[in-house]
Amino acid sequence: MSEIILRARGVTREFRAPRRTLFEKRAVSFALRPVDLTVRTGSSVGIIGESGSGKSTLARLLLGLDQPTSGVVELGGHAVDAGASARELRWLRRAMGVVLQDPYGSLDPRMSVGRIVGEPLWALGIGGDRRQRVREVLARVGLPGVEHRYPHEFSGGQRQRIALARAIVHRPQILVGDEPLSALDVTVRAQILELLNRIRREEGLTLIMISHDIGVVQNVCDEVVVMTGGEVVEQGATSDVLRNPRHTYTKRLLAAIPTI
């Protein structure tokens with residue numbers, strides 16, 4: 001059994017609405033109710049659920065981009081404090097890479113591809129031949145020799161390859177994908193999925209995939225976590241959960257998949 005690399009214990013996230021009158025009590029919405037999650041080194045975990053189920057909120061907490069209302073997130077046994085300074089969180093940024101849903105929106109159009117992909121190396125103070133590392137990782141995602149070009153010159157699938165290159169350039173331990181394939185068409189999605197699987201195996205990455213696409217999770221992830229209403233209602237081996245769902249919500253989710 002591999003060791004635990006990432007753990008969330010009893011994490012919650014509440015949001016308080018602004019008062020409309022001076023004496024009105026502020027309404028509270030619960031984006032996450034107490035959630036426990038354990039991720040082991042080298043595993044691939046898919047988090048699925050409908051829009052508003054709390055998937056992306058949980059991802060932000062795991063990445064240290066937001067602070068839980070209660071509970072704790074630990075990476076390698078160290079507590080993640082999202083309120084710490086950028087310098088104090090450098091250890092966390094080195095350990096994690098992220099690919100977001102919209103490749104164009106996540107890339108600065110004023111920066112060349114070489115600068116975009118190499119930015120984590122400079123920001124995290126990683127030494128060595130940085131330009132060579134950028135060339136190497138771009139070649140690995142199937143885009144050799146494009147360092148001097150700009151994001152608008154590429155298709156959606158190519159931009160997502162650039163985003164993936166940026167996410168792995170600093171050799172993270174964990175790769176988090178927040179709906180990284182949903183903005184792509186079916187053919188391109190299959191290509192990026194194959195690339196993601198290959199890189200994960202070659203780099204020995206731990207993968208956390210946030211998705212509403214059960215087919216993607218089924219093809220990439222060993223384990224699956226099902227969320228609704230900010231709660232985890234079912235989790236386990238992907239094959240077990242998808243073939244023999246126990247919770248009513250999981251059954252409804254699977255029944256909603258269109259068949260041809």
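In a reduced charge model with +1 at each Lys and Arg Cβ and -1 at each Asp and Glu Cβ, the range 115-260 shows a dipole moment near 360 debye about its Cα centre. Over the chain, dividing the summed -39,500 (n - 2.57) contributions of all DSSP H runs of at least 4 residues by the number of residues returns a 222 nm mean residue ellipticity of -10000 deg cm²/dmol. Using +1 at the C-beta of Lys and Arg and -1 at the C-beta of Asp and Glu, which of Leu89, Ser70, Ala59 has the Cα lying farthest in the positive direction of the dipole of the range 4-135? Of the options given, the answer is Leu89. Sorting the segments 162-171, 147-156 by their residues' average number of neighbouring beta-carbon atoms within 10 angstrom, most packed first, yields 162-171, 147-156. Residue-normalised convex hull volume from the C-alpha trace of the range 160-254: 109 Å³ per residue. For the chain, the longest principal axis of the alpha carbon atoms and the long axis of helix 156-168 meet at an angle near 90°. Along the axis of the charge dipole computed for the range 143-260 (Cβ charges of +1 for Lys and Arg, -1 for Asp and Glu, origin at the Cα centre), the listed residues Ala165, Leu254, Val226 are led at the positive end by Ala165. Computed on protein heavy atoms with a 1.4 Å probe, the accessible areas place Tyr249, Tyr104 in the order Tyr104, Tyr249, largest first. Residue by residue, the range 83-89 carries 3J(HN,Hα) couplings of x, 6, 6, 4, 5, 5, 9 Hz when phi is fed to the Karplus relation 6.51 cos²θ - 1.76 cosθ + 1.60 (θ = phi - 60°); x denotes Gly or Pro. The ellipsoid equivalent to the alpha-carbon distribution of the range 1-86 has semi-axes of 29, 15, 10 angstrom, derived from the gyration tensor eigenvalues as √(5λ) and listed largest first. Values of log10 I(q)/I(0) for the range 46-129 across q = 0.24 Å⁻¹ run -1.28, by the Debye formula with one identical scatterer at each alpha carbon and no solvent.
For Glu3, the accessible surface of its heavy atoms amounts to roughly 130 Å² (probe 1.4 Å, protein chains only, rounded to the nearest 10).
Which of the three applies to the range 149-202, rounded, prolate or oblate, going by the alpha-carbon gyration tensor with a ≥ b ≥ c and a/c under 1.5 meaning rounded? In terms of gyration-tensor shape, oblate.
The dipole here belongs to the chain: it is taken about the Cα centre, uses +1 on the Cβ of Lys and Arg and -1 on the Cβ of Asp and Glu, and is about 480 debye. Take the alpha carbon gyration tensor of the range 70-220, find the square roots of its eigenvalues, order them as a ≥ b ≥ c, and report rounded if a/c is under 1.5; if not, report prolate when a/b exceeds b/c, else oblate. Oblate shape, in that a/c is at least 1.5 and b/c is the bigger or equal ratio. For the range 1-111, the residue among Leu6, Gly49, Ala17 whose Cα projects farthest onto the positive side of the dipole built from Cβ charges is Ala17.
Normalised per residue, the accessible area of the chain is 52 Å², obtained with a 1.4 Å probe and no contribution from ligands, DNA or RNA. Computed from backbone phi, the HN-Hα couplings of the range 35-44 come to 10, 10, 8, 10, 10, 9, 4, x, 7, 10 Hz, rounded to whole numbers (Karplus: 6.51 cos²θ - 1.76 cosθ + 1.60, θ = phi - 60°; Gly and Pro given as x). One way to sum up the overall shape of the chain is the equivalent ellipsoid from its Cα gyration tensor, whose semi-axes run 30, 23, 19 Å, largest first. Centre-to-centre, using Cα atoms only, the range 127-197 and the range 219-259 are separated by 29 Å.
Sequence-distant contacts, meaning Cα pairs under 8 Å at least 6 residues apart, place the relative contact order of the range 120-260 at 15 percent. Using C-alpha pairs below 8 Å separated by at least 6 residues, the relative contact order for the chain is 25 percent. For the chain, modelled as a GNM whose springs connect Cα atoms under 10 angstrom apart, the maximal fluctuation among Gln218, Gln173, Gln191 occurs at Gln191. Quick check: the angle from helix 113-123's long axis to the longest principal axis of the chain, C-alpha only, nearest 10 degrees? With both axes taken from Cα atoms, the answer is about 70 degrees.
The values are calculated or read from the model by the stated rules, or taken from the named source; none is laboratory data. The structure presented is a predicted model; accordingly, all values stated were derived computationally and were not measured. Methodologically, a virtual Cβ is constructed for each residue, glycine included, from the backbone with ideal geometry; neighbour enumeration extends over all protein chains shown. We work out accessible area using only protein heavy atoms, side chains counted, and drop any ligands, DNA or RNA first. Shrake-Rupley method; radii C 1.70, N 1.55, O 1.52, S 1.80 Å.
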